[in-house]
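Okay, structure first, notes after.
The values are calculated or read from the model by the stated rules, or taken from the named source; none is laboratory data. Predicted model only: the values in this text are computed from it and were never measured. With ideal geometry, Cβ positions are generated from the backbone for all residues, glycine too; neighbour counts draw on all protein chains shown. Ligands, DNA and RNA are stripped out before the accessible areas are found, and what is left, the full protein with its side chains, is counted by its heavy atoms. Shrake-Rupley method; radii C 1.70, N 1.55, O 1.52, S 1.80 Å.
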Amino acid sequence: MDRGAKSFKKKNGNVHALEVTLNTYISKEENEIIVSYFSEVWGFKWGLNRSNGAYRLRMGTKEGKRFLAFITPFVPESMLYKVQTSLNITATT
């Protein structure tokens, strides 16, 4: 499993979406267990997609922002840039 990724999707040079992914490198069935756990225990909805022959967990803009806001209090200050949901670090979105 990797540390995950946050990416900004652009259209015509403007950011229009946020994507949060977690590459788990495990089977589809094992990923489905993780998806169910996050949904049932924490109320977060991960999607599952296939990339380069492996499965990964994915969240879109709304759910990704909610998830990153939830984990932010537990992130060390030196790593807060990893959970910011704006390209402009002074923005609130």
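Stretched out fully, how many nm does the piece from ASN49 to SER36 gain, at 0.36 nm a residue minus the Cα gap? Length difference between fully extended and current span is 3.2 nm.
Sorting LYS28, LYS6, LYS11, LYS62 by accessible area puts them as LYS62, LYS11, LYS28, LYS6; the probe is 1.4 Å, largest comes first, and only protein heavy atoms count. For the peptides 49-56, 18-25, 32-39, the ranking by mean Cβ contacts within 10 Å, running from highest to lowest, is 18-25, 32-39, 49-56.
Summed over qualifying helices (DSSP H, 4 residues or more, each -39500 (n - 2.57)) and divided by its residue number, the chain shows a 222 nm mean residue ellipticity of -6500 deg cm²/dmol.
For the chain, the carbon plus sulfur part of the accessible surface works out to 55%, probe radius 1.4 Å. Note down the relative contact order for the range 1-87 as a percent, whole number, built from C-alpha pairs under 8 angstrom at least six residues apart. Contact order relative to length: 26 percent. By how many degrees, between 0 and 90 and to the nearest 10, does the Cα long axis of helix 61-71 differ from the longest principal axis of the chain? With rounding to tens, the tilt is 90 degrees. In the chain, with Lys and Arg counted as +1 and Asp and Glu as -1 at Cβ, which of these residues, PHE74, ASN14, ILE33, has the Cα nearest the positive end of the dipole, that is, farthest along it? Result: ASN14. Rounded to the nearest 20, the size of the Cβ-charge dipole of the chain about its Cα centre is 460 debye, with Lys and Arg at +1 and Asp and Glu at -1. For the chain, the longest principal axis of the C-alpha atoms and the axis of helix 28-37 are separated by about 60°.
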